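S.K.: Sharing a structure with you now.
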Amino acid sequence: MTMVEKQPGDVITVVVTAVGALIGQGIIRSLRLSGLSVRVIGVDRDPNGIGPYWCDTFFAKPVVDESSDAYLDFWKSLLVGEAIDLVLPGLELDALFFSRNRAAFADLDARIVLNDPGIIELAQDKWDFGLELERLGLPAIPALLGAGWTECVRELGLPLLLKPRQGNGSRGIAVLRDEDDFNYWSRKSRDEFLIQKFIGSDEQEFTVGAFGFGDGTALPPIIFRRKLSVAGNTAYAEVVGHPVLVDAVTRLAAIFKPVGPTNYQFRMHGETPYLLEINPRFSSSTSLRAAFGYNEAAMAVEYYLRGKRPPPPEIRSGRGWRYYEDLVVT
């Protein structure tokens, strides 16, 4: 696929997926903050959500299986028919769909903001990801798969964390303080789960963004100390300096070689940074990062569309909160 020749000042037509959800909305906000001349086309399952109001044009996903030829044809038709320059997936499932269908889009002019396929697949499974960290000699949270209460307490101590083997954010995660908790959440969980040792504290949880270049290097990271919402997204963030986490992200980038927007989530236990997960895509902190000068959507335009490495941004210090407000259309 040839590089799309887009210069500063040209109108760029982009597709943002999942505009009814937090990440997609954050991408749109980041694009609007960037000062770029952008025509935003939104895609979402729900045509009645708020997302369409923030886009210049909106298309509802067809009601078909997303593994079907009909769904693939929808996307091919949209990218060609609307002369799309750049696709910015705002949902993990969308990033996975485009990654697994790279060959189907290879002959189109549109560029798709995708990370390395290996890290995208590895990030799908928390158990496999933990095993890979161990294999690489990196700090890995002790965990058990398919173990009973007695073994978990003996090997990991209390409290414990129950986590779905697949999924993102804190959805499905439960703190287990006794056997009743263990039995209740084990029965309630709809997915295969693992049990982890509880490390650190809520006050020592960090989300880190670092735009990668696929060769083991990345832009200097932006680090947030964060507080999660009930849905598992960042509700409060404070920009902090943290040399230990800078070193950890530098090392991880050298090993995994991510490309594009990449989110690392850590908990500190003493002086040891434990990597909770890597999100090899835009994340729920995207718009907060942009507000502090780390605009990953603008970086993606520069890198994927113009073929240039974006310069290190000037990160502003401060705190940010996420809150609800109403949009009323009469």
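Every read-out reported here was derived from the displayed coordinates using simple, explicitly stated rules and does not represent laboratory data. Keep in mind that this is a model prediction, so the values were computed, not measured. Methodologically, a virtual Cβ is constructed for each residue, glycine included, from the backbone with ideal geometry; neighbour enumeration extends over all protein chains shown.
S.K.: Considering every Cα-Cα pair within segment 142-197, what fraction, in whole percent, is farther apart than 14 Å?
M.R.: Every Cα pair in segment 142-197 considered, those over 14 Å come to 44 percent.
S.K.: In whole Hz, with x marking every Gly and Pro, tabulate ³J(HN,Hα) for segment 245-255 from phi via Karplus 6.51 cos²θ - 1.76 cosθ + 1.60, θ = phi - 60°.
M.R.: Result, ordered by residue: 6, 4, 5, 5, 5, 4, 5, 5, 5, 5, 7 Hz.
S.K.: Can you sort W321, W149 by how many other beta carbons sit within 10 Å, fewest first?
M.R.: The most exposed by this proxy come first: W321, W149.
S.K.: Tell me the relative contact order for the chain as a rounded percent, counting alpha carbon contacts under 8 Å between residues six or more apart.
M.R.: Relative contact order here is 18 percent.
S.K.: Can you list, bin by bin at 5 Å, the percent of alpha carbon pairs in segment 201-321, starting at 0?
M.R.: 2, 12, 23, 26, 21, 11, 4, 1, 0
S.K.: Of the beta bridges DSSP finds with both residues in the chain, what % are antiparallel, to the nearest 5? Present the calculation step by step, with values, prior to reporting the outcome.
M.R.: Details: 38 of 53 bridges.
The antiparallel fraction comes to roughly 70 percent.
S.K.: With Rg and the Kirkwood Rh both taken from Cα atoms, where does Rg over Rh land for the chain?
M.R.: Rg/Rh: 0.97.
S.K.: Give me the net charge for the shell around V259: Cβ to Cβ below 10 angstrom, other residues only, Lys and Arg +1, Asp and Glu -1. Can you show the working numbers first?
M.R.: Details: positive: K257; negative: D116, D215.
With Lys, Arg at +1 and Asp, Glu at -1, the net is -1.
S.K.: Set the bar at 25 Å for Cα to Cα. Now go through K257/K308; K227/K257; K76/K257; K197/K227; K126/K227; K163/K227 and name every pair that lies beyond it.
M.R.: As for pairs spanning more than 25 Å Cα to Cα, those are K227/K257; K76/K257.
S.K.: Given Cβ point charges of +1 (Lys, Arg) and -1 (Asp, Glu) and nothing else, what value in debye, to the nearest 20, does the dipole of segment 201-321 about its Cα centre take?
M.R.: Dipole about the Cα centre, nearest 20: 300 debye.
S.K.: Still on this structure, I have one more. Give the residue from P243, L162, N115 lying farthest towards the positive end of the charge dipole for the chain; charges sit on Cβ (+1 for Lys and Arg, -1 for Asp and Glu) and the dipole is referred to the Cα centre.
M.R.: P243
S.K.: Among T150, T13, T250, T262, which comes first, then next, by fewest other beta-carbon atoms within 10 Å?
M.R.: Ascending Cβ contact count within 10 Å gives the list T150, T250, T13, T262.
S.K.: For a paramagnetic label modelled at 7 Å from the Cα of S317 toward its Cβ, which residues of segment 195-231 fall within the zone defined by backbone nitrogen distances under 15 Å?
M.R.: So the set is 223-225.
S.K.: Residues with beta-carbon under 13 Å from that of T17, excluding T17: net charge, scoring Lys, Arg +1 and Asp, Glu -1?
M.R.: Charge balance in the 13 Å sphere: -2.
S.K.: With each run of n ≥ 4 DSSP H residues scored as -39500 (n - 2.57), what mean residue ellipticity at 222 nm is computed for the chain after dividing by its residue count and rounding to the nearest 500 deg cm²/dmol?
M.R.: -8500 deg cm²/dmol
S.K.: Give me L245, L158 sorted ascending by neighbouring Cβ count inside 10 Å, so fewest comes first.
M.R.: Lowest count first: L158, L245.
S.K.: How far apart, in nm, are the 7 Å Cα→Cβ label points at E132 and R32?
M.R.: The answer from the label model is 3.6 nm.
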